[in-house]
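The values are calculated or read from the model by the stated rules, or taken from the named source; none is laboratory data. Everything numeric in this text was worked out from a predicted model, so none of it was measured. Heads up, the Cβs are rebuilt from the backbone with ideal geometry, glycines too, and the neighbour counts pull from every protein chain shown.
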Amino acid sequence: MSRIKIDLSRMLCPMPVIKTQNQVNRMLSGQELEITCTDPGALNDIPVWARINGHQILAANQTDDEVIITLKVGG
Amino acid sequence: MRSLSVEQLNLINSMANKHKAIALISGGLDSMLAVKVIQEQGIEVEGINFYTGFCVEGHTHAIRNQDKEKQKRNNALWVAEQLGIKLHIVDVIEEYKDVLINPKHGYGANMNPCLDCKIFMVNKAVDWIEEHHAQGFDFIITGEVIGQRPMSQLKAKMPIIAKQSGANDRLVRPLSAKNLEQTLPEREGWIVREKLYGFTGRSRKPQIELAKQFGFDDFATPAGGCCFLTDKSYSDKLTDLWQAKNAKEYELDDIMLLKVGRHVRPKANFKLIIARDSGECKFLEGYRKEFISIRALSHKGPMALVDGDIDEGDYDLAASIVARFGQGKFADEVELDINIPEQPSLQISTAPFANENMLQEWYL
């Protein structure tokens with residue numbers, strides 16, 4: 001299954017969520033999206049957005065500088 | 001007349017055509033309660049949240065050190081999760097410019113165009129329903145309470161919002177509905193008016209009580225609303241920005257930078273944005289390719305951006321002001337680096353600007 005990557009570095013809440021939402025709306029069920037952010041709030045917000053909209057978080061990791069989240073688009 | 005129980009209403013709605021509402025979700029308590037009141041009548045609700053660029057939460061706790069320990073959550077998303085509803089977040093940054101720059105109904109105490117803003121957002125919800133007509137949304141709900149806020153929530157303004165937004169009688173305010181004209185969903189029996197509320201005034205007690213009834217014990221209650229434009233300090237900086245540009249215009253970076261740092265305008269042609277902690281330093285470093293930036297080399301000190309058309313003759317003034325906010329403020333001389341995008345950087349040695357010479361009106 002294909003995986004799409006988007007870099008949302010420097011964007012601050014809620015722009016990473018909006019960009020993630022807009023990208024997911026263009027994708028098909030089952031596709032995976034890897035999101036790179038620098039706003040630490042994304043570590044909470046993107047998984048919440050994914051949960052309430054029926055998408056699955058596959059991984060969410062934070063380093064000193066980055067948050068990387070991988071999700072699978074729901075049906 | 002005997003009223004129907006929630007279970008009976010749910011059953012009736014599930015047997016009849018299921019009606020759906022879209023709710024404007026700010027992340028505060030009122031919109032949360034408004035949704036819950038309508039959900040209790042068996043209506044399916046989804047949320048919509050508009051991002052104007054001036055929303056208080058989010059940015060600040062991603063930037064300042066003092067906010068790092070606060071819970072990093074987007075309140076609108078959190079509310080949606082508590083209510084079990086979908087939330088659509090819509091970027092309206094570009095369209096919102098006209099609302100802020102040319103408010104037909106004017107500004108509030110600061111640069112807040114609250115009435116135009118509410119009309120705009122309800123209108124955007126109307127547009128959203130039309131764009132997503134296949135999903136079958138029937139009406140719009142908001143958490144507006146009559147008299148809660150001085151500009152946009154006066155009783156006389158409620159019909160204006162309904163009319164000028166184009167929502168008309170499809171706009172339901174569940175928390176104040178009993179004090180307003182009947183709406184279409186009430187007349188058609190999609191929702192029961194008796195099960196709506198008649199809250200008025202600035203007191204939050206009825207909302208707190210209702211929250212308790214619903215079992216909500218954690219909710220956001222921002223003192224000045226959820227918008228930077230209601231803040232005097234922020235509004236002053238925005239006014240200064242427009243004066244400096246000689247035009248009422250802005251880009252997203254402009255309004256983001258108004259939220260960050262200490263803003264000092266020693267001359268009409270430029271201002272300094274001086275970081276107040278390491279979090280802000282890191283944030284401002286992200287703008288080094290677009291702005292001239294200044295930082296002390298010989299001492300620890302803050303990152304500063306130069307916003308405006310600074311003359312070379314002003315470099316010493318700018319550098320000396322930045323020097324006074326660092327650890328070299330009592331030194332005879334501080335060496336600073338002036339980074340100019342796409343040009344070789346300059347090193348300058350200067351005495352820190354004397355505190356007594358800093359004019360109060362320079363601080364924005």
Taking the conditions exactly as written (in contact with a Cys (Cβ under 7 Å, 6 or more places away or on another chain) and either at pLDDT 95 or above or in a helix (DSSP H, G or I) (or both)), does B:VAL90 satisfy them or not? no
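Collect the residues in region A:23-39 that are closer than 21 Å to B:GLY279 by Cβ and surrounded by fewer than 17 Cβ atoms within 10 Å (Cβ to Cβ), keeping them in residue-number order. Lay out the reasoning, then the answer.
Restricting attention to region A:23-39, the residues satisfying the condition of being closer than 21 Å to B:GLY279 by Cβ are A:36-39.
A:THR36 - this is the single residue of region A:23-39 that is closer than 21 Å to B:GLY279 by Cβ and surrounded by fewer than 17 Cβ atoms within 10 Å (Cβ to Cβ).
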If a residue has to be within 11 Å of chain B (Cβ to nearest Cβ) and either in contact (Cβ under 8 Å) with a residue 24 or more places away in the chain or touching an Asp or Glu at 6+ places or on another chain (Cβ under 7 Å) (or both) to count, how many in region A:16-46 make the cut? 14
B:PRO185 being crowded, with 19+ Cβ neighbours inside 10 Å and in a loop (DSSP other than H, G, I, E, B): no
Within region B:69-86, does at least one residue satisfy the condition of being more than 11 Å from every other protein chain (Cβ to nearest Cβ), modelled with pLDDT under 95 and surrounded by fewer than 21 Cβ atoms within 10 Å (Cβ to Cβ)? yes
Within region B:153-182, how many residues turn out to be touching a residue at least 60 places away in the same chain (Cβ under 8 Å) and in a strand (DSSP E or B)? 1
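Residue-by-condition table, conditions (1) of a type in the set (A, V, I, L, M); (2) modelled with pLDDT of 95 or more; (3) under 21 Å from the mean Cα position of the chain (by Cα); (4) on the phi < 0 side of the Ramachandran plot:
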residue: B:THR221; (1), (2), (3), (4): no, no, yes, yes
residue: B:LYS232; (1), (2), (3), (4): no, no, yes, yes
residue: B:ASN246; (1), (2), (3), (4): no, no, no, no
residue: B:LEU257; (1), (2), (3), (4): yes, no, yes, yes
residue: B:LYS271; (1), (2), (3), (4): no, yes, no, yes
residue: B:TYR287; (1), (2), (3), (4): no, no, no, yes
residue: B:PRO302; (1), (2), (3), (4): no, yes, no, yes
residue: B:VAL306; (1), (2), (3), (4): yes, yes, no, yes
Which residues, counting only those in region B:80-107, are touching a helix residue (DSSP H, G or I) at 6+ places or on another chain (Cβ under 7 Å) and more than 22 Å from B:ILE25 (Cα to Cα)? B:PRO103, B:LYS104, B:HIS105
Considering only residues of region B:26-49 that are within 11 Å of chain A (Cβ to nearest Cβ) and modelled with pLDDT of 95 or more, which is surrounded by the fewest Cβ atoms within 10 Å (Cβ to Cβ)? B:GLU46
Within region A:1-15, residues farther than 24 Å from B:GLU280 by Cβ and either at the interface with another protein chain (Cβ under 10 Å from one of its Cβ atoms) or modelled with pLDDT under 95 (or both) come out as A:MET1, A:SER2, A:ARG3
Restricting attention to region B:299-336, which residues are touching a Ser or Thr at 6+ places or on another chain (Cβ under 8 Å) and either touching a residue at least 60 places away in the same chain (Cβ under 8 Å) or farther than 16 Å from B:GLU280 by Cα (or both)? B:ASP316, B:ALA319, B:SER320, B:ALA323, B:GLY328, B:ALA331, B:GLU333, B:VAL334, B:GLU335, B:LEU336
For region B:112-165, which residues satisfy the criterion of being polar (S, T, N, Q), within 25 Å of B:ARG204 (Cβ to Cβ) and at pLDDT below 95? B:ASN112, B:GLN148, B:SER152, B:GLN153
Please count how many residues of region A:35-75 are aliphatic (A, V, I, L, M) and either closer than 16 Å to A:GLN21 by Cβ or in contact with a Gly (Cβ under 6 Å, 6 or more places away or on another chain) (or both). 10
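State which residue is surrounded by the most Cβ atoms within 10 Å (Cβ to Cβ) when the search covers only region B:317-357 and only residues that are acidic (Asp, Glu) and in a strand (DSSP E or B).
B:GLU335
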Tell me whether region B:254-270 contains one or more residues that are acidic (Asp, Glu), surrounded by 15 or more Cβ atoms within 10 Å (Cβ to Cβ) and free of Cβ contacts under 8 Å to residues at least 24 places away in the same chain. yes
All positions within region A:53-72 that are buried (at least 16 other Cβ atoms within 10 Å of the Cβ) and out of contact with any strand residue (DSSP E or B) (no Cβ under 7 Å at 6 or more places or on another chain): A:ASN53
Selection status of B:SER176, among the polar types (S, T, N, Q) and buried (at least 19 other Cβ atoms within 10 Å of the Cβ): yes
Select from region B:317-346 the residues that are charged (D, E, K, R) and under 37 Å from the mean Cα position of the chain (by Cα) and list them in ascending order. B:ARG324, B:LYS329, B:ASP337, B:GLU342
